[in-house]
Amino acid sequence: MQQQVVISSPISVSTSPSSSAAASPKVKRRNSPISPVIGITPKTITKKKVGSGSSSKEKPEKKIGKRKGPLRPDQRQQAHEIRKLRACLRCKFLKKVCNKGDPCNGCQPAHARLWQVPCTRMNISDIGYFYKDWTADYERHVTCGMSITNIKGFSPHSQTLLITHGYEYYMPIPVREVYVVDEKVFEVDWTESIHETPRSFEYMTARLSANVEGISHSVISQYLDLHVDSGFERFVDEYYEGTQYLSELLKTVYRYYLRTKLPIIRQGLKLVVAYALTLHITMVQPFGDEDLGIDGRIDDEGSRYYGKVCAPVMVNFQVKKAMADMWRELMKDVLEELQTLLHSVYNGSKLKNWPTIFMLSSLILIVWEMMQFDSHYRIPDTKYVSNFCEEMEKTPIGVIVGLFGAISTKVPSFLEWDTRKHAHVLNNDVAACDTMTEVRAHVQKHETYLKSRSEAEFEREDFDSLSNKFLSKLVIRAN
C-alpha cells in the first residue's frame, strides 16, 4: 500500500543551482535534518484580529491614576501627615495628591484656573462654623430683664394658647402666669417695612410663660410643615413682599418640590421658613369668637396686625429659641446632603443631581443673606459684625459658589438654556428642564439687577439691601 507524504514547508522542484539561488531567498540551515512526518496534516497559523466584541471583554480595562506597588518611605510619611491634616476639597473631589501648603500646590492659581474654590480642608457639612456662637436671631429679648433673679414664681394653673405668626396656621402651647419683680419685661416691639419708611411698634403683653417642659421639637416641626405643604407661595408673597428674583426663585423651587417630592428639597424649604419665622413677631389666635381677655391687643390702624393680640413676650422668646434651634438643625442636614450630592458628581453620577445641588445651594445662600442683614440690623458692635460677615464670605460663600461653578462647566448658562437643545444634559428630566426654563426667565427679567448685586451694602431703612447679594454670584458665576 502506497503512503502519502505531506511536507509542511514548500520545496523547489528546480534542478538548476543557479535558478534555485535566484528564485528563492537564502534560508538558515538547521543543524538537524527535518524528517518527514507521516499522516499529519499541516497546521495553518494565522494572527488573531482584534475584534470589537470578545477581545475587548477579555482585555482588562486600563486603570489610570492607580498606584502600583508600595509607597516609598517619604511618600508614606506624607500620606500619613495629609491623612491627619485632611486633604483640601479640590484634591478630595478630584482625587489628587494634596500637600501641607496653604494653599496646597494643586490649588495654586497656576494649576487651578478653572477651580475657583477656596483651599479649605474642612468638610462641606462643617462650613456653617461661622455662626456657631451667633445668637442675633433670638438673643435680643433676653436682655429685657428675663432673668432668674427677676422671676418670683409661676402660677400652678395652666391654660393653652394658640400661637401664630399670622399665616393662618397656629400651634397649641400650654402656658401659665409668671410673677416677676419688674413688669416692664413684658413689653414687646417690632418693625414693619410695609410703610414708605419702616415703622416700629411696642406693646405691653400678658404675664404668661410656656410651661416648664417648654415648646417641643415635634410641635415646631409640624407647624413648619403646614407652611410648606399648604401655603408656601402665600408665605413668600407676604414675608418677602415681592423681593426681586429671590421671591420668584423660591416659588420655582417649591414647584420643583411638588413635582419631585424630594425630601431634601422639603428640608431646604423648611429651613428658609424656620429662619424667617425666628425673626418674626408671634400673636395669639383666639378660640372662635372668644375674647382672650389678655394684654397685647394692637389698636394702631397703621400696623398690618391691627386688631390682633401680641403673644406674651416670654412665650414669643421661647418660640424664637425653639425656631432658632430648628433652623440650625435643618441647616446641618441640608449641608450634609449637599456634601453627598457634590461627591456624587465626581463619583460617577455626573450631572444627575445638578438641579438639586443648584436649589439647595440657593436656599442656603438665601438664609445666609438674611443672617448678614440681621447681624447689621441687630448687633451694635460694628467690629464684630464686620468680622462675622468677612468670615462668612471668605470660605463658606466661596465654597458654595465655587463648587457650583466647578460642576456647571458642561451645563449651558441660564440665559442660554433651551430645553429642546439641552434636555439631554439633564437626562431629559422633565421637572428639571421645566425648572431651568423658569429660572432662565427670572434671570432674563432681572439680569441687570443681578449683575449689580455683588457689591450690595447694608442700608438700615431698606430690608432688601442685601437680598440677592450671594444668589447673584451663584447665577452669574454659572453663566
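Descriptive notes on the structure:
- The lone exception for Y170 - which of (1) buried (at least 17 other Cβ atoms within 10 Å of the Cβ); (2) under 16 Å from V313 (Cα atoms) it fails: (2)
- The requirement of being surrounded by 12 or more Cβ atoms within 10 Å (Cβ to Cβ) and not in a strand (DSSP E or B) is fulfilled nowhere in segment 173-180; no residue meets it.
Per-residue answers, yes or no, for (1) among the aliphatic types (A, V, I, L, M); (2) within 30 Å of E139 (Cα to Cα); (3) exposed (fewer than 15 other Cβ atoms within 10 Å of the Cβ):
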site	(1), (2), (3)
Y346	no, no, yes
N353	no, no, no
L365	yes, yes, no
H376	no, yes, no
T382	no, yes, yes
C389	no, yes, no
P396	no, yes, no
L415	yes, no, yes
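- Residue within segment 218-239 that is touching a helix residue (DSSP H, G or I) at 6+ places or on another chain (Cβ under 6 Å), without any contact (Cβ under 8 Å) to a residue 24 or more places away in the chain, surrounded by 19 or more Cβ atoms within 10 Å (Cβ to Cβ) and not small (G, A, S) present: yes
- As a summary of the residue check, T197 satisfies the conditions (1) more than 30 Å from E447 (Cα to Cα); (2) at pLDDT below 90; (3) assigned to a loop (DSSP other than H, G, I, E, B) except for the one numbered (1).
- Of all residues in segment 248-273 being more than 15 Å from D434 (Cβ to Cβ) and touching an Asp or Glu at 6+ places or on another chain (Cβ under 7 Å), the one that is surrounded by the fewest Cβ atoms within 10 Å (Cβ to Cβ): Q267
- L279 crowded, with 17+ Cβ neighbours inside 10 Å and either in contact with a His (Cβ under 6 Å, 6 or more places away or on another chain) or at pLDDT 95 or above (or both): no
- Restricted to helices (runs of 4 or more DSSP H) entirely inside segment 325-429, those with at least 3 residues that are in contact (Cβ under 8 Å) with a residue 24 or more places away in the chain are 354-378, 382-394, 396-407.
The values are calculated or read from the model by the stated rules, or taken from the named source; none is laboratory data. As the structure is a prediction and not an experimental result, all values here were calculated from the model. With ideal geometry, Cβ positions are generated from the backbone for all residues, glycine too; neighbour counts draw on all protein chains shown.
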